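Single-structure report; data block below.
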Amino acid sequence: MSVEFEPVRLGRRSRRIEPVTLGALAVVVALGFAVFKPWSGSAAAPAGPVDGSPAPAAEGAVAEPQPTPDVVLPRVIQARSASPMSWDAIEGVLRGHDAWGVRAIVTVRQVDSPINSRYRLLERWYPLAAEGDAAQPIVVDSIDRGVLALGVTFPPAHTPLDVRIWRKTDAGLEWVDTEPLDPVPSGGAFLYRRPGANPAAPRTWASGQYRIDVLVDGSIRRFGIAIPDRFSDVPSPPERPSLRDMGPLVAPTRALLTELPVGLFATVNGVAVPLGGSEGEPLDETAAWLDVDPGTGREPRSFLARAYLPRATGLGVALPARSVVMGGSVTRLAPDPLPVEPQRVDAGADGRTPSALALFRAPGGSEWEPGVYRLSLQWGDVEGLHDRSWHVELRPGPVHQTPRLLAAARGWARYAGSTGVILGTTEPLTGGPRSATIRLVRLRPDTTTYPVAADIGCGGTVIDGNPGILGFAYPGDEYATTASARILLPYLSRRDQVMLTAAFGVRGLIIVAPARRPILAPGTYRFKVGDGERSRDYALCLGMQTFDD
């Protein structure tokens, strides 16, 4: 049995609206419609991209009332705070330059333009001679425009691994902290901006003189550029600021050095900081920048420590107990040699007190400036006499992720001299995606025939997925400097694909990447590594099956 009740409204009974009140409300509503006019074309915004101008209406057509879309307000806010330095914004103004040159992205701020296009980006490109000359800089024609990004272009067959940019000051070259616009080698990996706290107000490159160092083909290429000021003059090198102006620096001898692990260390604000890095043979500037451990077949050693230590006053090496340092020196490899030799300041510096460590003070009692340094020691112990070196890269800012091609060279050099294709990535960012396992896939050298249909496989080496970078390891003592690729399936191409090729001075290994896209498209490829009679051809299948399947 169920009982239903009719709902009854509780509370005071509603009052009858007086006719005078109804008349007043009608007047207010009429005035509101006359003022706001929701059917007017100026109040409603289109649902598409905001460009500051209303969409044209057909002649003689009557505009119907349109509700304001909910997405308009967020788009306006996003346009107001969007950064002109995003890769999506800059990619559209770039032109292809498969030659050595300097690329600059300049901007014109247009106050009277629509809100989402107040920054108009322009590209400036300046070709370089076959051999660059840092003493004759290229003048970037900014024409009173801010330079937002600087970079280099290059022939695909001579792809760099990394780039460093230095600014000239009254005390020498100063390392400029930069970051690439995009990590992809075929994208913005070689176009650099100044890091800033506010993406909506990017930092422009200051006027002055710069030197660009490019790690390419197993050597370093240098060239100079100059950015004029708003009066079209290139200013003289500015005064380099010193950290001593921000407070007194702590002498390296004030640090506690009794419980240091064996190896390289620095002293910062009276604290000894271990830096890591393996000892080894003395390296020159190019070898220290590469930092490869080739042909070992195991996890590579790093001979170059990297750190951001803006107030470091001491650099040193701690040795095992019962070691006696007999001599040592510090050499700056980059940007240029030190003007004076650093002074050793540990207890054994006098040559009379045995010491198991060596500590060097920065020249002039200041801080160690950003650059690349080599510390060499000679010491004796129960096993005899030793002469080894340590290397450190003092960065101008927080340590960023290693460029992809340089990381590949360091991670893959272990397989130099083998036979196969190398896959996998290294050095994931903290909190970012995990790195893929580096592995060597044995190659099947091609003979004479290729399949003609994609559904029957390729008879070649199968690669899972679509990699963005490939490494080819080859035996012998020859040095391959070229690599080409041709798509065989799903369609036959009679022309080689444009590939970025990095031959970086390690025999038995070459790195390739697509030049026009981030990854290699699915299909069957014919890769040719090397030139002449000793070249090798291979069939490589990306996302396909082999005949053995």
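Across the stretch 507-539, the qualifying residues are those that are closer than 15 Å to VAL441 by Cα and over 29 Å from the mean Cα position of the chain (by Cα), and the one among them that is modelled with the highest pLDDT is ALA539.
Take the stretch 118-142 and flag every residue that is touching a Lys or Arg at 6+ places or on another chain (Cβ under 9 Å) and modelled with pLDDT under 85. Across the stretch 118-142, the qualifying residues are ARG118, TYR119, ARG120, GLU131, GLY132, ASP133, ALA134, ASP141, SER142. Tell me, please, whether a residue that is surrounded by fewer than 17 Cβ atoms within 10 Å (Cβ to Cβ) and at pLDDT 85 or above can be found in the stretch 108-117. Checked the stretch 108-117: no residue is surrounded by fewer than 17 Cβ atoms within 10 Å (Cβ to Cβ) and at pLDDT 85 or above.
When TYR373 is tested against the conditions (1) touching a residue at least 60 places away in the same chain (Cβ under 8 Å); (2) buried (at least 18 other Cβ atoms within 10 Å of the Cβ); (3) in a strand (DSSP E or B), the lone failure is (1).
When the stretch 309-327 is filtered for residues that are surrounded by 23 or more Cβ atoms within 10 Å (Cβ to Cβ) and among the hydroxyl-bearing types (Ser, Thr, Tyr), only THR313 remains.
The residue of the stretch 458-506 that is surrounded by the most Cβ atoms within 10 Å (Cβ to Cβ), among those that are among the aromatic types (Phe, Trp, Tyr) and under 30 Å from the mean Cα position of the chain (by Cα), is PHE472. Selection of the stretch 147-166 for residues being without any contact (Cβ under 8 Å) to a residue 60 or more places away in the chain and under 19 Å from ARG203 (Cα atoms) yields GLY151, ILE165. Taking the listed residues GLY328, GLY277, the one that is within 30 Å of THR419 (Cα to Cα) and touching a Leu at 6+ places or on another chain (Cβ under 8 Å) is GLY277, with no other qualifying.
Yes/no per residue for (1) aliphatic (A, V, I, L, M); (2) modelled with pLDDT of 90 or more; (3) loosely packed, with under 15 Cβ neighbours inside 10 Å:
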site	(1), (2), (3)
PHE223	no, yes, no
PHE231	no, no, yes
GLU239	no, no, yes
ALA266	yes, yes, no
ALA288	yes, yes, no
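Checking the conditions here, which among PRO339, PRO310 is closer than 15 Å to PRO252 by Cα and part of a loop (DSSP other than H, G, I, E, B)?
The conditions single out PRO310.
Filtering GLY314, GLY280, GLY328 for residues that are under 18 Å from GLY364 (Cα atoms) and either acidic (Asp, Glu) or at pLDDT 95 or above (or both) leaves a single hit, GLY314.
The values are calculated or read from the model by the stated rules, or taken from the named source; none is laboratory data. In this text the structure is predicted, and so the values were computed from the model without any measurement. Cβ atoms come from the backbone with ideal geometry, glycine included; neighbour counts cover every protein chain shown.
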